[in-house]
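For reference, the structure discussed in these notes is given below.
The values are calculated or read from the model by the stated rules, or taken from the named source; none is laboratory data. Predicted, not measured: the structure shown is a model, and the values here were computed from it. Cβ atoms come from the backbone with ideal geometry, glycine included; neighbour counts cover every protein chain shown. Protein only, heavy atoms only, side chains kept; ligands, DNA and RNA dropped before computing areas. Shrake-Rupley method; radii C 1.70, N 1.55, O 1.52, S 1.80 Å.
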Amino acid sequence: MGLLSDPNRRKALTGLLTRLNTPICIVCYLAGIVWFMGLAFEPFTLRTYMSENAMGSTMVEERFSSGERALSLAKEFDAHKRKAGGMPVEWLVKAMQSRGLEVFTQSFSRKLPFPDENKERYMVRGTNVYGILRAPRAPRTEALVITAPCSPGNTNNQAVALLLALAQYFRNQIYWAKDIIFLVNEHDLIGTQAWLEGYHHTNITGMEYSPLQGRAGSIQAALSLELSSDVITSLDLVLEGLNGQLPNLDLANLFYAFCQKLGVLCTIQGKLQRNDWDTAEGYTHAAQTMMLMVLKQACGRSWGDHGLFLRYHIEAASVRGINSFRHYKTDATTIGRLLEGMVRKLNNLLERLHQSYFFYLLPSLSRFVSIGYYMPAFGLLAVILLLRVSFPGLCHCFSVSLQPSSPGVLTVLTPVVISHLTGVALYLLPVHLQEMAVEHFPVSETEAVVLTAIAIYTAGLALPHNTQRLLSGEGTEQGWKVLKLTALLYLAVLLGCTALINFSLGFILAVTLVPITASITPHMPKALYAVVMVLLSPAFTILYCVFIYQELIEAPVSVSEGWMLFLSVISQGILDHALYGSLVYPLLALFIYPCWLMFWNILFWN
Amino acid sequence: MLILSSLLLFILTTHSEALTPAAARDEFQEELVIRPLHSGDIYASFQFRTLWDTDFLQEGQKVSHYRLFPKSLGQVLSKFSVRELHISFTQGFWRTMQWGQPFIPSPPGAELWVWFHDTVSDVDGNWKELTNVLSGIFCASLNFIDLTNTVQPSASFKPLGLGNATDHRFLRYATLPREIVCTENLTPWKKLLPCGSKAGLAVLMKSEKLFHSSFHSQAVHIRPICQDEQCSSKAWELRQTLNVVFDLHTSGQGKKEWSLFKMFSRTLTEACPLASSSKVYVDITDNPELFELSPATPLLGQAVVLGDRRTYSVYDLSRAETFGQLRSFNLLLRDMLRPLLHAERYVAGFGLQTGEIHTVIYNNHPYRAFPVLLMDSVPWYLQLYIHTLTVTSKSRDNKPSYIHYQPAKDRHRPHLLEMLIQLPPHSMTEVTVQFERALLKWTEYTPDPNHGFYVGSSVVSALVPSMVAMRTNFTQDQPLFSSFVPVKEESSYFVRVYTEPLLVNLPTPDFSMPYNVICLTCTVVAVGYGSFYNLLTRTFQVDEPSPPLSKRLANLIRRMRGVPLLT
């Protein structure tokens, strides 16, 4: 590295960087966006392939044949569900016992922090029923899980029935090497969460549950089944889990391989794959599929029962039956065979799924973008923040601020502290003040929480940020530079860490936050820049995402509907955090928003 | 409805008289117990017992004439001065909640425990050699037993035979939970029998059927016992046991009927000519009137096994009357009797840093409390935090009256934790201890590291209060399966319960891309570290360009002349 040790060349390099700083930043930003959009272009992506040898060469033969019986079972289940007015626990226990499983139940209860208006629930009380198929001559060390939710109304009857039919069929086979757990959970994700916490004897979300009586060792993989009609036209694979975690890509490959084998139409994000990548429509289609995945992953919620398994290092995916108006129909026997094949291959696993990728984006089921390809897109955006640190003057003031006599540190401290206190308020107050809000305003609890959050968010903008003047008098030129330097480094670290864990979230935040934070100074036209900053703030980013998402799933909404959706997204985000431990809400409230406030502070520096 | 059909028994001749006592008397007995289980499965337990009135360990006397006792084992006993040897190979897990207690319990995988004679000076050396020899005899990976998985339990494993050795320095105990048991282990085991698999009950042991079952366990127990009731001299007892549980659900296609032929795809044709007794017991305790056994037997036996009085139909293969057809066996399932003592274990928590081992012990006795000995042997790579050890019964703290803890040494020995816990009646006792997962050296990972690492079963040993009085005096006509563990009191019986082994994931590097890792590391070190180190340690000086030769010469001359130098 002669470049760094040679003072002349070093000077030339820094000179170049400072002189061409703005153009380089603009080029980086554009390159980052273009790179990202290019990821969906098929020639740039890799074809998916099965990495796990234990699942690849050992092809299995599917013999499940009781699809019709499953459908009649679905009717029976439906009748019992109606009679019981919820989960027919006794019927399920008997049904599983008669199929030769060891059956256990778990009851749980959970009081939500505020009523969930989407699913209309507040005090949740339910029971999970699960049966364990003990593998012969296996010492109870490994298990696979198949779950089906017992949902209200007519939904998912077929899923539970198919689960029971599979249990009956599996029980009579001798090749099992891992125990298989058949779980029927009530209240969808809450039931799954209770069961998983019970199974692993943890309590991370304040759930009340009865301890589990039967276990089967460490769970290797899980499949969640959602099926609401007797015939389906396609199967949709859902991968996005809590906090943007994804299962090992081999699980998706496995699903795809069996769909191909059995001739079942399969989709991801509800989109079929097209072969005409070289046309504009083909590219747009792939880009839309990928954008949907990015948006779903970024929001950090679990998009199916499988999402909660991922925290426990259990590879899991949801398989969702779709019945649309296509002519090509698939019956329950074929779906049963597909699941049988998948479970048998998972049963063949010698090790946990680990060979393939854990970080990927899917523009279609047969193509994937690995972390090595998509990370540069984020890197190009993040490097702008670091380049701005070398902005003329910033470097200089950094060395000045390190001198203890200078007021630099002190001037930075107050805005940082105030911003973060606002963030803490945004995190804590909405849920805790809901009762007070309901007393004083004619709103429901849920509205109270969301509106309090928005109010605190807005109030943060109006806070007297210039308190440093009390300590050090007039805001100095050097003061805001120190603040900007701190804020830039802070944002770079935040986004970098976020992107490593959840690329989509990091990238979306970087796209909106980087341009304005990189260019902000107090010497700009304040009114104009204030509007631009607000429009690029985290809350508006969520709003845009809502609209883009609706556009992509081909259900465009009007502005008022979009606003209502935006409100429900916020309440869901807070609920996800309380119920399942999703980290997006605390991340935004405690870190991203305060960081953005620091830049807001710079704009109004005087 | 269970029908036991077409069990054809052909007896050749009466033969036991043919045995002439040699210099040292020896004797061989064989026995098969069939017990229909409450879950609808069938439990078949074989026991073969060879008794030999000789002493391998006597000084100056070399035993070289072997008749019934297998020579390979006899030589091992005398060479390594073994006082008692217990080895078991098990594939599957005994489901205590569904099946009740087994006659002789064993943990999944391989288990070996040996008491050495107290004249042995180098116990560890003997142990190491012994495991290697046994590994050869039984075709098993017992050579993987080394000091890192061997413990010396202080209380849980007392000698079952003669002699009350209590110094646990001479005891070695090891389990290999990963060991897979298959035909290659069964064949050498069968070869130890006097008749091999040619005659007698061993004919039924067709590996194709034995391994098409829910549970398979084979064991060898060698111990010294009294020759007679006065206990004037010592005899050696070799017990070979084989326990199988057949799953009627998968094999019977829903019909609950079975026969010896269906289970083993063989029928009995003769007793082992070398056996002094050869019997088949069928447990008919549960609803005998609904059993249809064919042929019926006039012999009914009663035995008190594991605190329960059971009734058996006895078929004596050495008697000519057993001729006939034994079939049509009928069974009514009744409510499951909860076993009095039951234990299970699991790992709690998530993530790859810490975890918690939970051992749950159930006392299902309605009104009696009894103490149990819990023994846990945990490999060193799970670093136990022993200060987090808690024992709770009925949500109250339960202080163990005896704790023996030997901490692990990294790469040398495992943790050993033994506790005496009083179980309150009708209660669940939970023992928890937290651990941290160690980061292994890269050569220490097994070939399939992402499978996880096994932790052997913990062992719960207890004297369980009996519902019926136990016979304490030893009589000859007792069935073999009821006489393994000597009963010392009438009111309680000894039970050992093994929990399931654990599979724990350790933090594992990604071995699939060593090349990438090496490249990346080298690049980072070379480029990043190298240049920064260079930058930080180098002192920068402005370089004076050296004057050309002509100027230097000129300066030399000028210096000599004493005029100012050129610059």
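Of all residues in segment B:74-106, those that are in a helix (DSSP H, G or I) and away from chain A (no Cβ under 14 Å) total 6. With a requirement of 2 or more residues that are closer than 26 Å to A:VAL60 by Cα, the strands (runs of 3 or more DSSP E) lying completely within segment A:292-373 that satisfy it span A:315-322, A:367-370.
Considering (1) under 14 Å from the mean Cα position of the chain (by Cα); (2) open to solvent by less than 10 Å² (accessible area, probe 1.4 Å), the lone condition that B:PRO153 does not fulfil carries the number (1). Within the set A:LEU237, A:LEU246, A:LEU196, the sole residue that is within 14 Å of chain B (Cβ to nearest Cβ), touching a residue at least 40 places away in the same chain (Cβ under 8 Å) and of a type outside the set (Val, Ile, Thr) turns out to be A:LEU196. When segment B:339-352 is filtered for residues that are away from every other protein chain (no Cβ under 12 Å) and either assigned to a loop (DSSP other than H, G, I, E, B) or under 28 Å from B:ARG437 (Cβ atoms) (or both), the ones remaining, listed by number, are B:PRO339, B:LEU340, B:ALA343.
Taking segment B:388-426 as the range and being open to solvent by 70 Å² or more (accessible area, probe 1.4 Å), among the polar types (S, T, N, Q) and part of a strand (DSSP E or B) as the test, only B:GLN422 passes. Within the span defined as segment A:592-604, every residue fails to be under 18 Å from the mean Cα position of the chain (by Cα) and open to solvent by 50 Å² or more (accessible area, probe 1.4 Å). Determine whether segment A:238-255 contains at least one residue that is part of a strand (DSSP E or B) and under 19 Å from the mean Cα position of the chain (by Cα). Taking every residue of segment A:238-255 in turn, at least one turns out to be part of a strand (DSSP E or B) and under 19 Å from the mean Cα position of the chain (by Cα).
The set of residues from segment A:213-229 being open to solvent by 10 Å² or more (accessible area, probe 1.4 Å), of a type outside the set (D, E, K, R) and within 14 Å of another protein chain (Cβ to nearest Cβ) comprises A:GLN213, A:GLY217, A:SER218. Any residue in segment A:122-133 that is of a type in the set (S, T, N, Q) and surrounded by fewer than 18 Cβ atoms within 10 Å (Cβ to Cβ)? Looking for residues that are of a type in the set (S, T, N, Q) and surrounded by fewer than 18 Cβ atoms within 10 Å (Cβ to Cβ), one finds none in segment A:122-133, hence no.
Every residue, every condition in (1) aliphatic (A, V, I, L, M); (2) open to solvent by 20 Å² or more (accessible area, probe 1.4 Å); (3) more than 11 Å from every other protein chain (Cβ to nearest Cβ); (4) under 20 Å from the mean Cα position of the chain (by Cα), yes or no:
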residue: B:ARG172; (1), (2), (3), (4): no, no, yes, yes
residue: B:THR183; (1), (2), (3), (4): no, yes, yes, yes
residue: B:PRO188; (1), (2), (3), (4): no, yes, yes, yes
residue: B:LYS191; (1), (2), (3), (4): no, yes, yes, no
residue: B:SER197; (1), (2), (3), (4): no, yes, yes, no
residue: B:GLY200; (1), (2), (3), (4): no, no, yes, no
residue: B:LEU204; (1), (2), (3), (4): yes, no, yes, no
residue: B:PHE211; (1), (2), (3), (4): no, yes, no, yes
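Restricting the search to helices (runs of 4 or more DSSP H) fully inside segment A:1-44 and requiring at least 3 residues that are modelled with pLDDT under 90 gives A:2-5, A:7-19. Only a single item in (1) over 24 Å from A:VAL319 (Cα atoms); (2) open to solvent by less than 10 Å² (accessible area, probe 1.4 Å) is not met by A:PRO115, and it is number (2). Can you tell me which residues in segment B:132-156 are touching a strand residue (DSSP E or B) at 6+ places or on another chain (Cβ under 7 Å), of a type outside the set (A, V, I, L, M) and closer than 20 Å to B:GLU444 by Cβ? Scanning segment B:132-156 gives B:SER141, B:PHE144, B:THR148, B:ASN149, B:THR150. The residue list B:ALA44, B:ALA18 contains one member that is small (Gly, Ala, Ser), more than 28 Å from B:LEU171 (Cα to Cα) and modelled with pLDDT of 90 or more, which is B:ALA44. Of the helices (runs of 4 or more DSSP H) lying entirely inside segment A:501-564, the ones with 1 or more residues being more than 25 Å from A:GLY244 (Cβ to Cβ) and not basic (Lys, Arg) are found at A:503-519, A:526-535.
Here is the figure for segment B:224-250: residues that are within 14 Å of chain A (Cβ to nearest Cβ) and either of a type in the set (D, E, K, R) or free of Cβ contacts under 8 Å to residues at least 12 places away in the same chain (or both) total 2. A:ILE190: buried (at least 24 other Cβ atoms within 10 Å of the Cβ) and more than 10 Å from chain B (Cβ to nearest Cβ), yes or no? Yes: the conditions hold for A:ILE190.
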